[in-house]
Amino acid sequence: MALTFADAMRAWGIPRSTFYKAKKSGRLSVVEIAPGKPGIEPAEMQRVWGKPRPMVHPGGLQKNDGCIETGVLDPIPQDGPPFRDRTDDLVDALKKQIESLEDQVTHLRQREREQATMFGHQLQQAHDENARLLEVVQGQLRLIPDQRPKPEKKPLHDVADGANVKVPKKKRRKRKGKKKKR
């Protein structure tokens with residue numbers, strides 16, 4: 001008995017896009033359920049994706065335990081915990097992992113604050129030491145006399161000859177480029 005695409009995807013837990021890619025590529029062969037209505041055989045689905053996943057119903061029963069055609073609800077096998085218990089266990093494990101990660105974040109933030117405080121103190125100490133050394137160097141520089149030779153002062157014109165020598169005027173700088181027309 002052929003299944004609709006939706007029923008086949010639901011029974012095997014296959015995403016819609018994956019199903020249609022397999023159909024388009026030719027991995028799945030399609031049959032007609034009714035005129036103009038495509039479907040797929042369970043054997044074809046099993047050939048491509050293996051056995052269908054069990055469907056858990058609220059009453060603690062599961063449908064399609066390996067045989068899709070029967071549609072009979074069979075009790076859940078007792079060899080493992082029901083699906084709901086496994087989900088609860090996973091949720092609990094994830095909650096513990098989240099708590100652990102939150103503890104790590106809190107620890108790292110505390111460590112970051114401590115390091116920032118320590119670096120702030122070290123920076124202030126270095127600043128204070130630099131200021132103290134600057135004062136010492138400036139005090140020592142005041143004690144050293146200026147030993148540079150003093151430049152001779154030359155008169156602007158030679159007075160000894162009695163001649164009046166004019167000091168040359170500064171030359172005007174010539175403009176480069178085109179002259180403006182007036």
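The values are calculated or read from the model by the stated rules, or taken from the named source; none is laboratory data. Remember, predicted model here, so these are calculated numbers, not experimental data. Cβ sites come from the backbone with ideal geometry, for glycine too, and all protein chains shown count toward neighbours.
Counting the residues of segment 13-43 that are farther than 16 Å from ALA2 by Cα and among the small types (Gly, Ala, Ser) gives 5. Can we say LYS95 is surrounded by fewer than 10 Cβ atoms within 10 Å (Cβ to Cβ) and either within 36 Å of the chain's Cα centre (by Cα) or at pLDDT below 85 (or both)? No.
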